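Here the structure comes first, spelled out in structure tokens, and everything after it is commentary.
All of the numbers you see were taken from the coordinates with simple rules; none came from a lab. The structure presented is a predicted model; accordingly, all values stated were derived computationally and were not measured. In this analysis, Cβ positions are derived from the backbone assuming ideal geometry, glycine residues included, and neighbour counts consider all displayed protein chains.
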Amino acid sequence: ITSNRPVLAIEGLTVSFDGFKAVDNLNLYVDRNEVRVVIGPNGAGKTTVLDLICGKTAATSGSIQFKDIELTKMKEHEIVRAGVGRKFQTPSIYESLTVFENLEMSFPRGRKVFGALTFERTADVVERVERVAAEIFLSELLHQQADLLSHGQKQWLEIGMLLMQEPELLMLDEPVAGMSVSEREKTAELLGRISQGRSVVVIEHDMEFVKSIAHKVTVLHQGKILAEGSMESVQANPKVIEVYLGH
Ligand code: ADP
């Protein structure tokens with residue numbers, strides 16, 4: 001069933017920390033097949049928005065609809081299971097395990113319990129690991145220990161670990177921080193590919209990279225949307241220019 005409704009519909013979202021509104025009555029809609037980039041100066045509320053979506057922070061008011069599911073009352077692990085994946089800035093892979101094992105462990109029923117890998121390596125797990133490894137440019141390194149990967153490859157592995165759970169919404173916090181130029185280009189290609197059939201929300205500071213990936217840009221400032229639209233339109237917006245120059 002195809003629907004014109006956005007995959008993610010955020011309405012009136014507000015969170016106050018001791019009376020300070022870090023996110024202030026935010027409305028945000030993200031479609032399927034869309035790469036949305038959220039930009040804005042430090043303290044604008046970008047990270048807090050992602051924290052609210054993934055259930056790390058509780059909203060003061062407002063709603064977050066993901067497909068037909070209201071996320072604001074759900075726990076973090078329930079939100080993951082509903083199909084929302086979040087990647088933080090620093091990779092949180094298992095350095096002593098191989099690429100294969102890191103991916104395998106992220107297979108939904110392959111959850112690690114008390115440090116032990118206690119599930120069977122069934123054909124469907126292997127098939128998905130190989131498919132995801134190919135997506136993240138790591139097919140040749142499946143049996144390499146993760147600590148030997150480059151910083152960029154570790155970032156891709158973490159994206160792969162999210163893809164193992166087949167999320168419909170992926171959220172990435174500065175995915176190219178610390179990457180080489182060629183790794184950045186490959187990451188742009190990767191994000192374009194993984195947005196097909198999914199929604200991807202990215203926080204990013206590198207404007208060249210934003211330009212290369214964004215279907216639409218949302219500019220946050222003081223917890224509110226300052227501008228939204230194509231990269232060209234927000235870059236030409238006097239309010240956006242003022243906020244960035246004034247910083
Ligand atoms: P950005 O990611 O755009 O740099 P953040 O979302 O990290 O901005 O922060 C927005 C504002 O909310 C900042 O002023 C920050 O200090 C504040 N803030 C974020 N989380 C908390 C918290 N848990 N308690 C108090 N203030 C917070």
Longest principal axis of the chain (C-alpha) makes with the long axis of helix 123-135 (C-alpha) an angle, in degrees to the nearest 10, of 50 degrees
Packing-based ranking, highest mean first, of 18-24, 185-191, 51-57 given that Cβ atoms within 10 Å are counted: 51-57, 185-191, 18-24
So the compactness index of the range 1-49, its C-alpha Rg divided by 2.2 N^0.38 Å, takes the value 1.36
Per-q log10 I(q)/I(0), the range 36-90, q = 0.16, 0.18, 0.27, 0.29 Å⁻¹ (Debye; single scatterer per alpha-carbon; no solvent): -0.50, -0.62, -1.20, -1.29
Could you check how many percent of all C-alpha pairs in the range 1-152 are farther apart than 28 Å? 36 percent
Report, in degrees rounded to the nearest 10, the 0 to 90 angle that the Cα long axis of helix 151-163 makes with the longest principal axis of the chain. 90 degrees
Of the listed pairs Lys21/Lys75; Lys73/Lys224; Lys75/Lys186, which have alpha-carbon separations greater than 24 Å here? Lys75/Lys186
Potential lengthening between Lys239 and Phe17 on full extension [0.36 nm per residue; Cα-Cα distance subtracted]: 77.3 nm
With n ≥ 4 as the cut-off for DSSP H runs, can you work out [θ] at 222 nm for the chain, using -39500 (n - 2.57) per run divided by the number of residues, rounded to the nearest 500? -9500 deg cm²/dmol
Computed over the chain: longest principal axis from alpha-carbon atoms vs helix 181-194 long axis, angle to nearest 10 degrees, is 90 degrees
Mean projected area (nm²) from the convex hull of Cα positions in the range 202-246 is 3.1 nm²
